[in-house]
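A.B. asks: Here it is, the structure in full.
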Amino acid sequence: MNWFAYRLPGESGVNTGSSGTLLHGIGYPGFAIAPFDRNPDGLLTIPEGPSTGIFESEEDTDESLYEFPSESTSALRHAENVIAIKRLIGEGRLGKCVAARVIVREDRIDLRDTFMSLCDTYPEAFVFCFHTPMTGTWIGASPETLLIKNRDTLTTMALAGTRPTGTGGEWDKKNIEEQRIVSGFISDTLIENGFMPQAGETHTYAAGPVEHIRTVFTFQDAVSDKDSCLRKSLKTAFDLSPTPALAGYPRAGSMEAIAANEDFERGYYGGFCGPVTADGDFSFFVNLRSMRILPDRLCVFAGGGIMRDSDPASEWEETERKAQTCLGRIRKPNDTVKR
């Protein structure tokens, strides 16, 4: 069975659905899922249907496109990855690249209670959980919009730079430059797709244990035909993902470096997911601050943008804080969520 559950930012209602059918590509109405590596075979939609079997974690099957990580990333291995990326930046081959790590634990969790715990703790996040035999089971609380389409108005954001929530004061040069790269990429991509984006004021945005620099972009689509408008908007979403906040810049070179230096498959971490309505609107959010679940194991994914001035120890600490978004809200089968 394929199923999904999600809670949109700022809302209280939880939306759920399930289907014995899994569509390849984006269909509607339903819940769309896209992988980090842009593999078209991994682009899927769970059609809307009765809410049966929700929050039932199942074993990964031979249909799974990406292997479940076998072990946690060590601090030494992560530092080697950061140093390798900095070398590429120093050679002028990259401007920025994201180094990710995984935390693998043998543990059992209550998916439903963990989902509700994430909803309660992060009211402004996109809280999601889904399962298909091809993707496995995922749960997370994403602070980052990839692209939202509401009739002829579209919204996206540049979210980059990281420090502990409540730090205060001015952002340092490294984080400001990291966010500038993401903003520039998003603006250029939107213009290339025929839009005229309007950038809001850049500001600090708190996302649980960490805060980021955020710039929101809004723009209009004048295409009157619903299907044509949806196709153009979907193309834009695909062109945006993954942004430099999840991969790096230039994207192709960054993804090559990620494949060469990380000892695990990101799978759907760093991709995107979200609902598509019968009207052709959608709300896509980046799959981050997330974990992949098996009945007796879990794997948390966390990453950070590497720049010329990045320090391996500081980057490790950043991923530790990000991982707590999920790890700190896990509920075991015998736990209860205080509401």
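The values are calculated or read from the model by the stated rules, or taken from the named source; none is laboratory data. Treat the numbers as computed from the prediction; the structure is a model and nothing was measured. Cβ sites come from the backbone with ideal geometry, for glycine too, and all protein chains shown count toward neighbours.
Per-residue answers, yes or no, for (1) among the aliphatic types (A, V, I, L, M); (2) closer than 26 Å to Gly10 by Cα; (3) modelled with pLDDT of 95 or more; (4) touching a His at 6+ places or on another chain (Cβ under 9 Å):
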| residue | (1), (2), (3), (4) |
| --- | --- |
| Gly280 | no, yes, no, no |
| Phe284 | no, yes, yes, no |
| Pro295 | no, no, no, no |
| Gly305 | no, no, yes, no |
| Asp311 | no, no, yes, no |
| Glu315 | no, no, yes, yes |
| Lys322 | no, yes, yes, no |
| Pro333 | no, no, no, no |
| Arg339 | no, yes, no, no |
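Every residue, every condition in (1) farther than 29 Å from Gln324 by Cα; (2) under 18 Å from the mean Cα position of the chain (by Cα), yes or no:
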| residue | (1), (2) |
| --- | --- |
| Thr137 | no, yes |
| Pro143 | no, yes |
| Ile148 | no, yes |
| Arg151 | yes, no |
| Thr165 | no, no |
| Gly168 | no, no |
| Thr189 | yes, no |
| Thr204 | no, no |
| Pro209 | no, yes |
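A.B. asks: Could you identify the single residue in Ser283, Ser241 that is farther than 30 Å from Leu88 by Cα and among the polar types (S, T, N, Q)?
C.D. replies: The conditions single out Ser283.
A.B. asks: Also, I was wondering about something else. Scan Arg331, Arg308, Arg266 and give me the residue that is in contact with a strand residue (DSSP E or B) (Cβ under 7 Å, 6 or more places away or on another chain) and either over 23 Å from Arg180 (Cβ atoms) or in contact (Cβ under 8 Å) with a residue 12 or more places away in the chain (or both).
C.D. replies: Arg266
A.B. asks: Can you pull out the residues in the range 31-63 that are on the phi > 0 side of the Ramachandran plot and touching a Leu at 6+ places or on another chain (Cβ under 8 Å)?
C.D. replies: Phe55
A.B. asks: Counting only residues that are out of contact with any Lys or Arg (no Cβ under 6 Å at 6 or more places or on another chain) and among the aromatic types (Phe, Trp, Tyr), give me the strands (runs of 3 or more DSSP E) lying completely in the range 103-206 with at least 2 of them.
C.D. replies: 126-132
A.B. asks: Within the range 1-33, which residues are assigned to a strand (DSSP E or B), closer than 20 Å to Asp227 by Cβ and among the small types (Gly, Ala, Ser)?
C.D. replies: Answer for the range 1-33, where residues must be assigned to a strand (DSSP E or B), closer than 20 Å to Asp227 by Cβ and among the small types (Gly, Ala, Ser): Gly30, Ala32.
A.B. asks: Follow-up question, since we're still on this one. Do we find that Arg7 is under 25 Å from Pro333 (Cβ atoms), buried (at least 21 other Cβ atoms within 10 Å of the Cβ) and not β-branched (Val, Ile, Thr) in this structure? Spell out how you get there, then give the answer.
C.D. replies: On the way: under 25 Å from Pro333 (Cβ atoms): yes; buried (at least 21 other Cβ atoms within 10 Å of the Cβ): yes; not β-branched (Val, Ile, Thr): yes.
Spelling it out, Arg7 is indeed under 25 Å from Pro333 (Cβ atoms), buried (at least 21 other Cβ atoms within 10 Å of the Cβ) and not β-branched (Val, Ile, Thr).
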